[in-house]
Amino acid sequence: MIEFKDVGLVYPNGTEGLKNINVKINEGEFVVIVGLSGAGKSTFIRSINRLVTPTSGSLLVDGEDILNYHSGNLRKLRTKVGMIFQNYNLVKRSNVFKNVLAGRLGHTGTLRSILNLYSKEDKSLAYESLNRVNIAEKLYNRADELSGGQQQRVSIARVLTQKPKYILADEPVASLDPPTSHQVMTYLKKINKEDKITTIVNLHFIDMAMEYADRIIGMRAGEVVFDGPASEVTEKTFEEIYGRSIREDDLRGGADES
Amino acid sequence: MTNENQSLVQKSVPLYPAKTKMQVTIIFFVVLGIYAFSMFWTQKEMVNGFGGALGNMYVVIEKFFPPNLSILPAIWNAMMQTIQMAIIATTVAAILTVPLAVLSAQNITTFKPLYVLTRTFLNLLRTIPDLVLAVIFVGLFGVGVFPGILALTIFSLGILAKLISETIESVDMNPLEAMRASGGNVFQVIWYALVPQVLPQFTSLVLYVFEINIRASVVLGLVGAGGIGLVLNQQLKFYNYPNAMTVILVIFAVVLIIEYISNKIREALI
């Protein structure tokens, strides 16, 4: 369980990233955070694995306040929380298998990982993860030889290999075309259901949010302005979250193509 | 609307603002002035100008040719010594560079005092010319290969660490963030996300510094730091120009061959 209690974050330049956030995310939920760019979605998500550090309040993950964590604890926390990025963040010159095995870094000692001494279980887990996102045949390809959608699937495999309890996805489909976007979201949803991994996704496409989310959190200017089940959400809700009428570029479309 | 467009065309809006144009023009003339001035002065210092050089060229060529190729076997050892010096110095410098380059890269070493300290140390290192280093070490350890290796190591360390830390600063930080997010510690992040990104440039730069070291070790030989430079110096001092010419030709050939090989390796890497 993840619990934000009066969490606030002020960046060193004075910008307020988060203002007084109070949110509780339950086990196994598939939560989509929506909002315009700059609304604080990324800051929200990155607070959970402490890629950014909130400046006030407390943030509980599994009942422990993670805001005062330091290197050792932090590593343990990040091992538990997997992350998917907009730009996939693969090491382009390394092959797919090595990229996926990097998901085990938090579980592996420094020397073992540097010498590539991964256990048999770790290797088969990595292979299994690639299989689950249907990209095992690219095992020894260099990451930069793959298309955007394939790279994002590799990064999902990396997170799966990590065996996390939570998955954070920061705009995972923003750089992809509509059919590929739906494919990636379908994998994330499937993993959420099959492995019971709590998943938090940032999106700015409202149709995708409504299609995949169990629960939608709307953010504007660093504040949570909506929080409710996806079934209660209408176009009107989004207009309130965005503070303007819905335009065509707020929609990803292409749901029937995939 | 059409009227406005026409007036714009007639006024012919300049590509750069008038102020920028003015500044660039002034800078251009200042630079031109410096060139003209320095040309004037150096011309004054030169005794005979270029006319004398052409005449001297004939004398030099006559003295140096034909080269005495019979000494080839005798200088072979010295040439190998030079190459060995360059190899050892480059290798040691390449190893020492790694921690220094990482510590002087701003994106990896976020602890500012440490970064500033290493940067300053490297800057100081680079201010010492290789010849001065050689003179100091020859003074300390006597004539031979060892002071040459030391001088070359420090000389190439200065260049390598600077160039590689700049390569590190230009890498894509996203994979590093991903490794950090999956629980990797500093060493794992560096090994998994940074090393693959800088390895090709690292190898290429090391090869480049190796080439520089071959040439530099010739010069260092002149002050007694071993290798082929020492032989060249002796032959020149004895006014044995045909022998010296052979040495120069051998150096020329070796440098060309090494450059060719390392260019091929570099092409394959990038």
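The values are calculated or read from the model by the stated rules, or taken from the named source; none is laboratory data. Small disclaimer: the values here were computed from a predicted structure and weren't measured. In this analysis, Cβ positions are derived from the backbone assuming ideal geometry, glycine residues included, and neighbour counts consider all displayed protein chains. Just so you know, the surface numbers come from the protein's heavy atoms only, side chains and all, with ligands and any DNA or RNA stripped out. Shrake-Rupley method; radii C 1.70, N 1.55, O 1.52, S 1.80 Å.
Lysine pairs in chain B with alpha-carbon atoms under 24 Å apart, 8 or more places apart or on different chains: how many are there?
Step by step, the pairs that qualify in chain B add up to 4.
Just add up the charged neighbours of B:Glu211: K/R +1, D/E -1, any other residue whose Cβ is under 12 Å from the Cβ of B:Glu211.
Once all neighbours under 12 Å are counted, the net charge is +1.
Working with all protein chains in place, sort A:Glu137, B:Glu177 by solvent-accessible area computed with a 1.4 Å probe, largest first.
Largest accessible area first, the residues go A:Glu137, B:Glu177.
Rounded to whole Å, give me the distance from the Cα center of the stretch B:205-270 to that of the stretch A:106-157.
With the stretch B:205-270 and the stretch A:106-157 each reduced to a Cα centre, they are spaced 47 Å.
Is there a simple number for the mean count of other chain Cβ atoms within 10 Å of the Cβ of residues in B:167-180, and what is it?
For peptide B:167-180, the averaged partner shielding equals 5.
How well do other chains shield peptide A:76-86, expressed as the mean number of their Cβ atoms within 10 Å of each residue Cβ?
3
What average count of beta carbons from other chains do you get within 10 Å of the Cβ of residues in B:84-94?
That works out to 0 on average.
Excluding ligands and nucleic acids, what accessible area in Å² is computed for B:Phe37 using a 1.4 Å probe, to the nearest 10?
About 130 Å², ignoring ligands and nucleic acids.
To make sure I understand the rule: partners must be aspartates and glutamates, Cα under 13 Å from the Cα of A:Lys120, and not fewer than 8 residues away in the same chain. Which ones qualify?
Leaving aside aspartates and glutamates fewer than 8 places away in the same chain, those within reach of A:Lys120 are A:Glu128.
Could you list log10 I(q)/I(0) for chain A at q = 0.12 Å⁻¹, which the Debye formula gives when each Cα is one point scatterer?
Normalising to I(0) and taking log10 leaves -0.71.
Ranked from the most accessible area to the least, with a 1.4 Å probe and all protein chains present, what is the order of A:Thr161, A:Thr180?
Result, largest first: A:Thr180, A:Thr161.
In nm, to one decimal, how far is the modelled label at A:Lys76 from the one at B:Trp76, with both set 7 Å along Cα→Cβ?
6.7
Residue by residue, what Karplus-based ³J(HN,Hα) values in Hz, rounded to whole numbers, does the stretch A:160-175 have, using 6.51, -1.76 and 1.60 with θ = phi - 60° and x for Gly and Pro?
Along the stretch A:160-175, the couplings run 4, 5, 5, 6, x, 8, 10, 10, 10, 10, 9, 6, x, 10, 5, 9 Hz.
Mean residue ellipticity at 222 nm from the helices of chain B, using -39,500 (n - 2.57) per DSSP H segment of n ≥ 4 over the full residue count, to the nearest 500 deg cm²/dmol?
Per the formula, -27500 deg cm²/dmol.
Could you derive backbone 3J(HN,Hα) for the stretch B:82-90 from the dihedral phi with the Karplus parameters 6.51, -1.76 and 1.60 (θ = phi - 60°), listing whole Hz in sequence and x where the residue is Gly or Pro?
Couplings: 4, 4, 4, 4, 5, 5, 4, 4, 5 Hz.
Rank these by accessible area, largest first, 1.4 Å probe: A:His182, A:His107, A:His70, A:His204.
A:His70, A:His107, A:His204, A:His182
Taking the Cα of A:Ala221, stepping 7 Å toward and past its beta carbon, and measuring to each backbone N in the stretch A:15-54: which are under 17 Å?
Backbone N within reach: A:15-21, A:35-41.
Just order A:2-13, B:154-165 by mean Cβ neighbour count inside 10 Å, highest at the front, would you?
By packing density, highest mean first, the sequence is B:154-165, A:2-13.
Please list, or write none, the lysines whose alpha carbon is within less than 28 Å of the alpha carbon of A:Lys189, excluding same-chain residues fewer than 8 places away.
A:Lys5, A:Lys24, A:Lys41, A:Lys76, A:Lys80, A:Lys92, A:Lys98, A:Lys123, A:Lys138, A:Lys163, A:Lys165, A:Lys236
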